[in-house]
1. Counting only residues that are part of a loop (DSSP other than H, G, I, E, B) and under 16 Å from ASN128 (Cβ atoms), how many does the range 156-185 have?
2. Restricting attention to the range 191-230, which residues are open to solvent by 40 Å² or more (accessible area, probe 1.4 Å), outside any loop (DSSP other than H, G, I, E, B) and modelled with pLDDT of 80 or more?
3. Could you tell me how many of the residues in the range 210-251 are over 30 Å from PRO198 (Cα atoms) and charged (D, E, K, R)?
4. If you scan the range 116-128, which residues turn out to be more than 14 Å from the chain's Cα centre (by Cα) and closer than 14 Å to THR34 by Cβ?
5. Specify the residue that is nearest to the chain's Cα centre (by Cα); the eligible residues are those in the range 137-155 that are in a loop (DSSP other than H, G, I, E, B) and over 24 Å from ARG212 (Cβ atoms).
6. Run ILE187 past the list (1) open to solvent by less than 20 Å² (accessible area, probe 1.4 Å); (2) more than 17 Å from ALA36 (Cα to Cα) and report the number of the one that doesn't hold.
7. When you go through (1) touching a residue at least 12 places away in the same chain (Cβ under 8 Å); (2) open to solvent by less than 50 Å² (accessible area, probe 1.4 Å) one by one for SER233, which number turns out not to apply?
8. Kindly check whether there is at least one residue in the range 141-163 that is surrounded by fewer than 18 Cβ atoms within 10 Å (Cβ to Cβ), within 23 Å of GLU94 (Cβ to Cβ), touching a Lys or Arg at 6+ places or on another chain (Cβ under 8 Å) and not small (Gly, Ala, Ser).
Amino acid sequence: MKIHMGGTLEGLYWNSGVLDNLISNNIDLEIYTTGASSLIGVFYSIYKKNFFAKLKAFINDKNNPLQNLMNYPDMYKSRYLQATTLFRIGRSREALYKHEELKDYLEENFNGSTISEIDDNIHFELFNISSEKTEFVDKSIKIVDMLIAQFSYPPFYKYYEINEQKYIPTSYLSFIPWNELENSFVINFDYKIEFPRPKNGLEILLNASYNRTKKLFKLLTKDNKVLLPDNISNDPFMINCFFKGQKDSEKILRDKYE
């Protein structure tokens, strides 16, 4: 079964629950990832059925710079505040956070390992700003560099350069990977997230950008089977979101065996 996963950090627990249940039911998977879900792909490749326990410990490590992006509750209200702060700082800052701190932390965890060490049935996609095309990450690229690019969400981290090309996650544009979508089951949490009502011009622009992403997702997946959560929690990093993903994934299993 081909599955496509993407999105932001908010979907990590739910997406992991979906994947965990599919693994438990011995479904052969071809996994395509972008954005935060690329972390799931890496941890699944390394730890197999124990991937979520290891991923959860990694995410919740107080030294993990990704904690900067995990503001909860009222996740997107906090995102508004961060973007507004950057706007007030002015053009002297291209992003709220620098890549260096994140790179140091990732290197402590993955050293010099490359994508070639990841299972062949797990694929990582990025959007190349330089060529304006989506690309699968070359197997010679280090896992650290791939993951930094996958978390280069404006305005939090600026684009990331690999081999003189500028990359952001494809999920910034559409939540999910674009390549090989045919006959794939699409798994997505972010589509169901609602921004709070915008209160100023900048928040209106952020809301409009998010809605364009939702529209592109819907356009890309019009011929696909799509799994979305029935409802979402105000705090997506609670363990109940993982169990909710497990439960929601039963729809995929029913579809496979009917």
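1. Looking only at the range 156-185, we keep the residues that are part of a loop (DSSP other than H, G, I, E, B), and these are 156-159, 163-164, 170, 175-183.
Narrowing further to those that are under 16 Å from ASN128 (Cβ atoms): 158-159, 163-164, 170, 177-179.
Going through the range 156-185 one residue at a time, the tally reaches 8.
2. TYR191, LYS192, ASN211, ARG212, LYS215, LEU216, LYS218, LEU219, LEU220, LYS225, VAL226
3. 6
4. Scanning the range 116-128 gives ILE122, ASN128.
5. Restricting to residues being in a loop (DSSP other than H, G, I, E, B) and over 24 Å from ARG212 (Cβ atoms), the top hit is VAL137.
6. Checking ILE187 against (1) open to solvent by less than 20 Å² (accessible area, probe 1.4 Å); (2) more than 17 Å from ALA36 (Cα to Cα), the one that fails is (2).
7. Failed condition: (1).
8. no
The values are calculated or read from the model by the stated rules, or taken from the named source; none is laboratory data. Please read these numbers as outputs of a predicted model, since none were measured by experiment. Reconstructed Cβ throughout: ideal geometry from the backbone, glycine too, with neighbour counts over all protein chains shown. Protein only, heavy atoms only, side chains kept; ligands, DNA and RNA dropped before computing areas. Shrake-Rupley method; radii C 1.70, N 1.55, O 1.52, S 1.80 Å.
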